[in-house]
Amino acid sequence: MSYVSAEIASQPECWSRALELNPEGLPQPGERVAVLGCGTSLYIAQAYAALREEAGLGETDAFAAPAHPHTRRYDRVLAITRSGTTTEVLEALHRTSGTPTTAITGDLDTPIADAADTVVDLSFADEKSVVQTRFATTTLALLRGHLGLVATDLPEHAARALRQDLPEGAVDAEQFTFLGTGWTTGLAHEAALKVREASGSWTESYPAMEYRHGPVSISAPGRVVWFLGEPPAGLLAQVEATGATAVTGSDLDPMAELIRAQRLAVALAEARGVDPDQPRNLTRSIILAQP
């Protein structure tokens, strides 16, 4: 079994542990917050930011770490970094002056411990695979729990996602489009990234209502359109009219539906004879050479 397969399978337990935590340094109601990350961490930041704003708990912006406008006023900057070594995240925190900073990480023995004022330890969800799965979802479980926006049976949803069959014919599909609405748009971007990283497949992702504005043109038989969350009214029928396979997960929490996409990524990699733990051209952390 690949490392990533084992890490995907551990998510129910990881989510349960995260929901029991109440760490210091997470954003409080009313705070204006910037959330930073790169790659997968950016998409988790986007999901959290949308959830927090939708709940009326405070203005929340998500940024790729290099794009963080460090001169803009925030009450807190929250950084997400599995490795604790990503250059762009560290530099963004170093540029932040006069604003409390918090980092969520999987490795305390890294430079992130000195770069942030407060560090949240999720080392129990750290991973050996380059492809990130359980750390990302465990971070979001923690943040959703802190917002009070998660059902107590969320880990059971994860367990069900591990038991369910993958969509029929998905492993043989030539192209995948993932769609989300609101906070699940970040999940859609993450699902596409997982399939792209692990298997080298052609994947795209969009806010669901953007699908009609161009992306629909690539949908066809032999391709998959996968909704993270409930499809907007009328959109499912339009997808089906293209002949593409439409996938919905309405009986699962959207974060658990992401687990099914993670499993698809591994299944595609195995079917194509590539190593899902070591994607082409990728490393666990992006560490840039200093000038």
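Using unit Cβ charges (K, R positive; D, E negative) and no other charged atoms, how large, in debye to the nearest 20, is the dipole of the chain about its Cα centre? Value, rounded to 20: 440 debye. In this Cβ point-charge picture (+1 for Lys and Arg, -1 for Asp and Glu), region 17-113 has a dipole of about 140 debye about its Cα centre.
At full extension, R32 and E59 could sit 9.2 nm farther apart than now, given 0.36 nm per residue minus the alpha carbon distance. For region 208-258, the residue among P215, L236, L258 whose Cα projects farthest onto the positive side of the dipole built from Cβ charges is P215.
Between E270 and E210, the modelled labels are 3.3 nm apart [label points 7 Å from Cα along Cα→Cβ]. The amide H of S205, built 1.01 Å from its N in the peptide plane, has F178 as neighbours under 5 Å, considering only residues 5 or more places off or on other chains.
Near I104, the amide H atoms lying under 5 Å from its own belong to A79, I80, T81, V120; only residues 5 or more places off or on other chains count, and H is placed 1.01 Å from N.
Accessible area per residue for region 1-122 is 41 Å², calculated with a 1.4 Å probe on protein heavy atoms, without ligands, DNA or RNA. Within the accessible surface of region 75-140, defined with a 1.4 Å probe on protein heavy atoms only, the carbon and sulfur portion equals 40 percent. Annotation: per residue accessible area for region 132-251 equals 38 Å², rounded to a whole number [probe 1.4 Å, protein chains only]. Here is how the number arises for the chain: DSSP H runs of 4 or more residues each give -39500 (n - 2.57), the sum is divided by the residue count, and the result at 222 nm is -11500 deg cm²/dmol. What the pair-distance distribution of region 69-162 shows, using all Cα-Cα distances binned every 10 Å from zero, is 15, 42, 30, 11, 1 percent. Take the Kirkwood radius over Cα pairs of region 120-198, plug it into Stokes-Einstein at 25 °C and 0.890 mPa s, and you get 168 µm²/s for translational diffusion.
Could you work out the local net charge near H68, counting Lys and Arg as +1, Asp and Glu as -1, over the other residues with Cβ closer than 12 Å to its Cβ? Cβ neighbours under 12 Å give a net charge of -1. Computed from backbone phi, the HN-Hα couplings of region 31-38 come to 5, 8, 10, 10, 10, 10, x, 10 Hz, rounded to whole numbers (Karplus: 6.51 cos²θ - 1.76 cosθ + 1.60, θ = phi - 60°; Gly and Pro given as x).
Computing P(r) over Cα pairs in 10 Å bins from 0, in percent for the structure here picks out one of (1) 7, 30, 36, 22, 6, 0; (2) 6, 30, 39, 22, 3, 0; (3) 6, 24, 28, 24, 14, 5, 1, 0, namely (1).
The values are calculated or read from the model by the stated rules, or taken from the named source; none is laboratory data. A quick note: this is a predicted structure, and the numbers were derived from the prediction, not measured. Quick reminder, even Gly has a Cβ in these numbers, built from the backbone with ideal geometry, and neighbours come from all protein chains shown. The accessibility values were calculated without ligands, DNA or RNA, using every heavy atom of the protein model including side chains. Shrake-Rupley method; radii C 1.70, N 1.55, O 1.52, S 1.80 Å.
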